[in-house]
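So the structure is just underneath, and the comments pick up after that.
The values are calculated or read from the model by the stated rules, or taken from the named source; none is laboratory data. Note that this is a predicted model, so its numbers are computed, not measured. Heads up, the Cβs are rebuilt from the backbone with ideal geometry, glycines too, and the neighbour counts pull from every protein chain shown.
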């Protein structure tokens with residue numbers, strides 16, 4: 001692909017040392033698969049991120065998964081893994097947990113999850129193919145493997161919302177998934193706090209589903225030049241409509257990361273000539 005002409009992108013190219021590159025995991029760095037446990041990072045993504053990380057202020061993954069899970073799914077046999085990306089930070093559970101330099105900082109799980117774990121299987125039982133994913137700090141209900149995933153998701157939305165309210169949790173919708181998690185943090189808040197922490201002078205964020213809208217909003221209100229990138233999907237059009245750039249799934253994300261690193265390298269070489 002060819003980098004778009006964009007004033008915020010020009011700011012990143014002109015001052016890469018001030019740029020933060022943020023990315024979602026599932027659907028962005030990893031293809032969406034029916035079983036979340038079977039997901040794996042795009043095999044070229046860790047190398048592409050490593051090449052860019054040495055040129056910018058920071059690379060951060062903001063995901064609903066536990067950070068340790070994202071790191072484990074980022075292992076590429078025979079090649080660099082996500083854990084090898086220089087300076088990488090993973091903000092998991094929408095920012096509740098943080099992985100950095102091999103260490104994880106995390107609060108205790110919310111007590112309401114015990115009620116969810118006890119009651120959610122009963123709600124899901126009538127629908128063949130529903131998958132319940134326990135994320136320790138949250139629990140997700142996936143309908144992708146159902147014969148009619150959209151209909152099952154619609155049928156579960158009300159009961160799941162009522163259970164979340166009873167448990168003192170909130171529901172985060174995504175691609176054929178409803179996640180019950182603690183209130184008070186989302187990808188936008190996590191990204192905004194990280195930008196402030198790193199004193200970012202520009203930002204680019206890659207996402208793929210409704211949970212990334214908050215991160216897009218954080219980019220738009222960050223007060224620094226920002227670029228939003230949608231890892232395209234026919235399932236989620238709202239994010240694509242709002243994005244500055246739309247790429248073709250994780251392969252397109254990798255291509256854009258590589259092109260960005262190449263353009264920064266050329267700009268630096270030209271400035272030093």
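Odds and ends about this structure:
Matching residues to (1) at pLDDT 95 or above; (2) touching a helix residue (DSSP H, G or I) at 6+ places or on another chain (Cβ under 7 Å):
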| site | (1), (2) |
| --- | --- |
| 3 | no, yes |
| 10 | no, no |
| 30 | yes, yes |
| 36 | no, no |
| 44 | yes, yes |
| 47 | yes, no |
| 55 | yes, yes |
| 58 | yes, no |
| 83 | yes, yes |
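- The residues listed here are 147, 193; of these, the one that is more than 19 Å from residue 209 (Cα to Cα), surrounded by fewer than 21 Cβ atoms within 10 Å (Cβ to Cβ) and in the same structural domain as residue 64 (by TED's automatic domain parsing) is 193.
- Test: residue in the stretch 111-126 that is part of a loop (DSSP other than H, G, I, E, B) and in contact with a helix residue (DSSP H, G or I) (Cβ under 8 Å, 6 or more places away or on another chain): no
- Put simply, of 130, 152 the only residue that is farther than 25 Å from residue 13 by Cβ and either assigned by TED's automatic domain parsing to the domain that holds residue 22 or within 23 Å of the chain's Cα centre (by Cα) (or both) is 130.
- From 166, 220, residue being modelled with pLDDT of 95 or more, surrounded by fewer than 17 Cβ atoms within 10 Å (Cβ to Cβ) and outside the structural domain of residue 35 (by TED's automatic domain parsing): 166
- Among the criteria (1) closer than 30 Å to residue 10 by Cα; (2) in a loop (DSSP other than H, G, I, E, B); (3) within 18 Å of the chain's Cα centre (by Cα), the one residue 194 does not fulfil is (2).
- When the stretch 52-82 is filtered for residues that are under 28 Å from residue 14 (Cα atoms), free of Cβ contacts under 8 Å to residues at least 60 places away in the same chain and not in a loop (DSSP other than H, G, I, E, B), the ones remaining, listed by number, are 53, 59, 61, 82.
- As for the stretch 206-214, it holds at least one residue that is surrounded by 24 or more Cβ atoms within 10 Å (Cβ to Cβ) and in a loop (DSSP other than H, G, I, E, B).
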